[in-house]
Amino acid sequence: MTKMAASMVEHGEDAFRKLFKFYKRRNPPPDLRDVIDFSKIVKHEKVFPTELNPAAVSDAEARRTGLRPIRDWTAFGLHGYPGFIFISNPFLPGSQQHWVRQCLKTYPQKPNVCNLDIHMAPTETQDIWGRSADALRKTGSRVREPKTLLEKLRWVTLGYHYNWDTKTYSADHYTLFPSDLHSISLHVAAACRFPGFNAEAGILNYYRSDSSLGIHVDESELDHTRPLLSFSFGQSAVFLLGGTQREDPPTAMYMHSGDVMVMSGHSRLLYHAVPRVVPAPKGDPLHPSLEEDGLGPGSDQGLAQDHTQGEATLIQPVSEEDWAVCSRYIETSRVNMTIRQVLGSGQAFPAMDMTDKRIDVGHTDGYHDSQDGENVGLKRRRRSDS
Ligand SMILES: O=C(O)CCC(=O)C(=O)O
Ligand SMILES: [Fe+2]
C-alpha cells in the first residue's frame, strides 16, 4: 500500500468517506497505484483465485448469452470479503457489443423507467436512441453542442422498478424483465453456485467521465440470501468495497469493460461506491475487448459458431450503424448493470399499508451524493456528476 493510502485508512472515523474523496479528487489527480487491477494480477496479498462451478451451465447455454465456457473464466476472491467474487471479463469476443447496444438502444425504451421521465413528457422520452443517434454519429468535436438525451441518461430501471423516494420495490410497479438479461444473470449466478437466480429488478447506471456514485448499501431487496450481480461496459472505473460500517476502510479495485462482480453472503450488504471513472488514453479510447468482433476468420471461440451451428442465440449482431453510435458513446462513458432478485422463492411483497403509501414522484430524479460521497441521510444514494 502506498504511504498516502495507508495514512488515510489508519483513522477509523468514516474511513470510507475519506478514501471516496481521495479517489474522486480532480486536482491533483489521485495516486491509483493501490487500486487492484484483476486483469493484471500476478500475486496480490488480498487476492486469491476462486473456483466456480464449471458444470453449472453447458458451453452451449453460456454461448447463447455471449459467455465463454465457465471453465475458461478467471475468478477471484478477496481476503476479508467472503462471498465477493470478481470475474474478469467472461464474455466471448464480440458479445459485449450486444450488451452495450441493449443498454443504450433497447433497455431505455418504454415501459422501462429512466431519470429523463421525471422532467420530460412521455412523448419526449419515447425514443431516446432515435433522438440522439444522428448527433452522436457525427464526427468531430461536439463539445459545444447541446447534449443529446442519451448523454443526459443517468439511470434506467427494469423489472420491479426501484422507487428512489421510498427506497422500495413494489408489486404494482413492475414491467417484464428482459429475457436475455434474465438468462445471462441465471448463468453467472449458477456459475457462482447460486442456481435458480431469478432476475427481477435491474438498475442501469450511466456514467460520464466525471460521474461518481455515492457510498451506499443495496438492501431494498427482500431476500438478501440471493446475490447481487454487476456487469460493467465501456470506460474503466474505480470501485470501492467497504465493510458493514462506514468506519471500515474500503478496498479499491478497477472494473474494466466486460468485468462482472458478484456480491453474495457476507459481502451482499457491504458499503460500496464508484468515486471515479478512469478514461482510457485519448488515442485508444475503447477497451481492447470491445475492439474484437468475434465474427472474423479463426474466431472459433467467438460468436461465429452460433451462426454456423444455427443455435438460437440471444446475442444479436450489432449493425455497423448502431455500433458507430454505441462506440462513440462509450469512448467517454461507462455503463453498469446491477441485477437483483427481489423476492425469495415463494415470497411476496408485504401487504401495503395504504396510509403509508407515498405517491411522490417529485424526487425520483435520484439522490445525488454531495461532493464527498454522502447520501443525504439515505443508505441508498444516487450519483453525482461533478
Ligand atoms: O456502477 C457500479 O459499478 C456500481 C453500481 C451500484 O452499486 C448499484 O447500482 O447499486
Ligand atoms: Fe450498489
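Just so you know, all these numbers are worked out from the coordinates, no wet-lab data involved. Computed from a predicted model, the values in this text were never measured in an experiment. Glycine gets a Cβ as well: all are built from the backbone with ideal geometry, and neighbour counts include every protein chain shown.
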- Query: Between E51 and T123, what length comes free when the chain is fully extended (0.36 nm per residue of separation minus the Cα-Cα distance, one decimal in nm)?
  - Reply: 21.1 nm
- Item | Backbone HN-Hα couplings from phi across the stretch 75-88 [Karplus 6.51/-1.76/1.60, Hz, Gly and Pro as x] | 10, 10, x, 10, 4, x, 10, x, x, 8, 10, 10, 10, 6
- Query: In the stretch 144-175, what trypsin sites (Lys or Arg not before Pro) fall in a loop by DSSP, with at most 16 other Cβ atoms inside 10 Å?
  - Reply: R144, K147, K167
- Note on the structure: HN-Hα couplings for the stretch 110-116 via Karplus (6.51, -1.76, 1.60; θ = phi - 60°), in whole Hz with x for Gly/Pro, come out as 4, x, 5, 10, 9, 4, 5
- Can you work out the FRET efficiency for the pair L32 and L286, with r the C-beta to C-beta distance and R0 = 22 Å, to the nearest 0.05? 0.65
- In nm, to one decimal, how far is the K138 label point from the D59 one, both placed 7 Å along Cα→Cβ? 4.8 nm
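Let me have the relative contact order for the stretch 176-258, percent, based on Cα pairs under 8 Å that are six or more residues apart.
21 percent
At a Förster radius of 35 Å, what calculated FRET efficiency corresponds to the Cβ-Cβ distance of Q245 and A312, to the nearest 0.05? Write out the running numbers ahead of the final one.
Numbers: r = 47 Å, r/R0 = 1.36.
It comes out at approximately 0.15.
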- Work out, step by step, the length gained on full extension between D210 and R71: first 0.36 nm times the residue separation, then minus their alpha carbon distance; give nm to one decimal. 46.4 nm
- Note on the structure: Along the stretch 155-165, Karplus-curve 3J(HN,Hα) (6.51, -1.76, 1.60; θ = phi - 60°) to the nearest Hz, with x for Gly and Pro, reads 8, 10, 10, 10, x, 6, 7, 5, 9, 5, 7
- Query: Given R₀ = 30 Å, FRET efficiency for D172-R131 by Cβ-Cβ distance, to 0.05?
  - Reply: 0.50
- Pairwise label distance in nanometres, S345 with S179, each label 7 Å out on the Cα-Cβ vector: 2.2 nm
- Sequence-distant or interchain residues sharing an amide H contact under 5 Å with S170, placed H: which? H161
- Query: What are the residues whose amide H is under 5 Å from the amide H of A201, where those residues sit 5 or more places off or on another chain and H is modelled from the backbone?
  - Reply: Y160, R340, V342
